[in-house]
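Colleague: Right, I'll just put the structure down here and ask away after.
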Amino acid sequence: MPDGRKEIDCSTAIAELWDYLDQELTPERMNAVRSHLDRCAGCHPHLEFAQRFLDALHRCRGENAMPEELRLAVLSRLRKEGLTS
Amino acid sequence: MDDAAGSGSAEARSEFEKQVLPWMPDVYRFALSLTREPAEAEDLLQETYLRAFRSWQTFQPGSDARRWLFTICRNAFLRQRERQRREVVEEEGDLDGSASFLLHARMQSDGSDRILSRVDLAPALNAALAELPEPFRSTVILVDVEDQSYEEASEILGVPIGTVRSRLFRGRRQLQEKLIEYAKDAGFAAAATRDGGSNDA
């Protein structure tokens, strides 16, 4: 890849959108997709949609908190096995 | 067995406490995503930590303890479920960001995309995640909730990276479909019914 700023079209950028947001593309492809998304008004709403979706999904972390009693139960079981603390 | 943390040195036990115990909430979330039932997730968490404690000597110093725990958890779950393992037929063919694009275009056309900026979607997505079938659910949880890379998830799940990618994209698409239903139920898709849409709220 002599040219990391190779132009890509909308359909390619959209096809690679998930890989781009997951940072799973090569640096050259990351640059190419970023450069397209930065200047394409048509693709931007789709980028925003995907980002908001992933952000909301990530916030699910807070939805399933572990009960404190469970932590204590696991520690108690481990102590019987020899854990000291 | 002799080198397990329980019967090993105080140093080994201390390392176990330092590296493994802090990840309990993360492993619980992952266990819950696998079992869907809090009571089963609690048993699975106990089982995971017990196995981890007994096999601490197999942990590679310097490697990622959380990933190691996820792997133990997944294996323990599969063993528990071996008899009743659900067979999910994975669709053939590849799926990429275009599927999400088409779905978003649908949401734009009926106005349901407005829900993205107006409502906290995490509770709805959490409920949708609980309904997502395996193997999509554990893949989405690992990558999107627990921040594992495709490669890390492939190690935990014991499948090639391409399979992780495919399951992830399919899982996301199914979640987005649920999001459309949620938006309609919440009254964000007024145009859909005029449109000759398939259903209404």
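The values are calculated or read from the model by the stated rules, or taken from the named source; none is laboratory data. The shown structure was predicted, so the numbers you read here are calculated from the model rather than taken from an experiment. Note that each Cβ is placed from the backbone with ideal geometry, even for glycine, and that neighbours are counted across all protein chains shown.
Colleague: Is the stretch A:37-52 home to any residue that is more than 19 Å from the chain's Cα centre (by Cα), under 24 Å from B:A122 (Cβ atoms) and not in a helix (DSSP H, G or I)?
Modeller: Within the stretch A:37-52, none of the residues are more than 19 Å from the chain's Cα centre (by Cα), under 24 Å from B:A122 (Cβ atoms) and not in a helix (DSSP H, G or I).
Colleague: Can you pull out the residues in the stretch B:18-43 that are crowded, with 17+ Cβ neighbours inside 10 Å and either outside any helix (DSSP H, G or I) or within 15 Å of the chain's Cα centre (by Cα) (or both)?
Modeller: B:D26, B:V27, B:Y28, B:R29, B:F30, B:A31, B:L32, B:S33, B:L34, B:T35, B:A41
Colleague: Further question: Looking at the stretch A:37-59 only, could you name the residues that are touching a residue at least 24 places away in the same chain (Cβ under 8 Å), surrounded by 13 or more Cβ atoms within 10 Å (Cβ to Cβ) and more than 23 Å from B:D26 (Cα to Cα)?
Modeller: A:L37, A:C40, A:C43, A:H46, A:L47, A:A50
Colleague: Please go through the stretch A:14-36 and give me each residue that is under 17 Å from B:L168 (Cα atoms), among the aliphatic types (A, V, I, L, M) and free of Cβ contacts under 8 Å to residues at least 24 places away in the same chain, ordered by number.
Modeller: A:A15, A:L25
Colleague: Given (1) part of a loop (DSSP other than H, G, I, E, B); (2) away from chain B (no Cβ under 11 Å), where does A:R29 come up short, assuming only one miss?
Modeller: Failing condition for A:R29: (1).
Colleague: Same structure, new question: If I filter the stretch A:65-82 down to residues being of a type outside the set (A, V, I, L, M, F, W, C) and not in a helix (DSSP H, G or I), which single residue comes out as nearest to B:E40 (Cα to Cα)?
Modeller: Looking at the filtered set, the residue picked out is A:P67.
Colleague: Filter the stretch B:124-151 down to the residues that are among the acidic types (D, E) and surrounded by fewer than 20 Cβ atoms within 10 Å (Cβ to Cβ), then identify the one that is farthest from B:L179 (Cα to Cα).
Modeller: In this case the residue turns out to be B:E151.
Colleague: Please work out if B:T193 is modelled with pLDDT under 90 and either of a type in the set (V, I, T) or at positive phi (or both).
Modeller: So B:T193 passes the test.
Colleague: Could you look through the stretch B:16-39, keep only residues that are modelled with pLDDT under 90 and more than 10 Å from chain A (Cβ to nearest Cβ), and pick out the one that is farthest from A:C60 (Cα to Cα)?
Modeller: B:A39
Colleague: Among the residues of the stretch B:118-142, which ones are more than 8 Å from chain A (Cβ to nearest Cβ) and of a type in the set (D, E)?
Modeller: Result: B:E131, B:E134.
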